[in-house]
Amino acid sequence: VSIRINCWQSSIVIICRMIHIVLKRPEVAGNIGAVVRVMSNFGFSKLVIINPKCDILSKESLDRAKHAKNILKSAKIGGEELLASFDYIIGTTSQLGTDYNIPRSPLTPRQLAEKLSKIKGRNIALVFGPEGQGLSNKEILQFDFIVNIPAVPGKQVMNLSHAAAIILYEIFISSSERKHGEHILPASKKEKEHLLLLINRIIDNATFRTPQEKETQRRIWKRIVGKSLLTKREAFALFGFLRKFEKQS
């Protein structure tokens, strides 16, 4: 029994250390404190706050944080440069996309959790936008993919801490048992960048009817590479295949 418990705890610790909760331009101090409390409930401790619009250490924020004040006080605070070091950046949105709005084609929290539970050794940013408007399409284009919480039509917009609670709960539950394939490393940020550079080169050399079609291909391939969470081996295999394709075209 003790061995099983240790494995359970180890798996949770691994996933929680990988994931940084990122709040972009938060506007309400109390919401920040509430998110921090939720993080503590599910074992997450790494908080990044980008361009806050309120006092993150206000009495309201600290009171809402309760027993998790240490997470709040040790948060990294800065600008967009804080996102540069992450291997994967995952955005959150309440707005569903369509086939014609590629950036907003999301995973559910459970689908996200299943993917994250199978990887280790990579830095991951889970980004929540400001309470008012959320993340813009321009911001989402910079991310690997996004996650959306299914809700009643017309009532999709949730409180920041409530949305965080649902997503972090799913990740916590999915990571509570040791998964097969933990020894298989996912592709790093650098490896993904090299792969996308090659794909973009192939797209540049291909013929399309309009510039818009070419841009659509770029967006789709960026989303495919991000969502698939390629392993290192898969990334190298795909890179090799595309190199041969490039030479023959």
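The values are calculated or read from the model by the stated rules, or taken from the named source; none is laboratory data. No experiment lies behind these values; they were computed from the predicted model shown. Note that we place each Cβ from the backbone using ideal geometry, even for glycine, and neighbour counts take in every protein chain shown. Remember, those area values only see protein heavy atoms, side chains included, never the ligands or the DNA or RNA. Shrake-Rupley method; radii C 1.70, N 1.55, O 1.52, S 1.80 Å.
Observations, loosely collected:
- Restricting the first member to region 70-95 and to residues that are closer than 16 Å to Pro130 by Cα, and the second to residues that are in a helix (DSSP H, G or I) and among the small types (Gly, Ala, Ser), the beta-carbon pairs closer than 8 Å and six or more apart or on different chains are Thr92/Ala163; Ser94/Ala163.
- Residue that is modelled with the lowest pLDDT [pool: residues in region 157-175 that are assigned to a loop (DSSP other than H, G, I, E, B) and surrounded by fewer than 15 Cβ atoms within 10 Å (Cβ to Cβ)]: Val157
- Count of region 106-152 residues which are of a type in the set (Ser, Thr, Tyr) and at pLDDT 90 or above: 1
- From the list Leu47, Leu72, Leu82, the one residue that fits, being under 30 Å from Thr231 (Cβ atoms), at pLDDT 95 or above, of a type in the set (A, V, I, L, M) and surrounded by 20 or more Cβ atoms within 10 Å (Cβ to Cβ), is Leu47.
- Leu185 more than 16 Å from the chain's Cα centre (by Cα), of a type in the set (A, V, I, L, M, F, W, C) and either open to solvent by 80 Å² or more (accessible area, probe 1.4 Å) or modelled with pLDDT of 95 or more (or both): no
- Residue tally, condition in contact (Cβ under 8 Å) with a residue 24 or more places away in the chain and surrounded by 12 or more Cβ atoms within 10 Å (Cβ to Cβ), over region 202-232: 14
- Of all residues in region 62-76, those satisfying the criterion of being farther than 17 Å from Phe42 by Cα and over 20 Å from the mean Cα position of the chain (by Cα) are Leu62, Asp63, Lys73, Ser74.
- Unmet requirement for Leu57, which otherwise passes all of (1) over 17 Å from Lys227 (Cβ atoms); (2) open to solvent by 40 Å² or more (accessible area, probe 1.4 Å); (3) under 19 Å from the mean Cα position of the chain (by Cα): (3)
- Number of positions in region 13-35 that are closer than 18 Å to Ile124 by Cα and more than 17 Å from the chain's Cα centre (by Cα): 1
- Within region 25-37, considering residues that are at negative phi and in contact with a strand residue (DSSP E or B) (Cβ under 9 Å, 6 or more places away or on another chain), the one most open to solvent (accessible area, probe 1.4 Å): Asn31
- All conditions in (1) part of a loop (DSSP other than H, G, I, E, B); (2) surrounded by 12 or more Cβ atoms within 10 Å (Cβ to Cβ) hold for Phe239, with the sole exception of (1).
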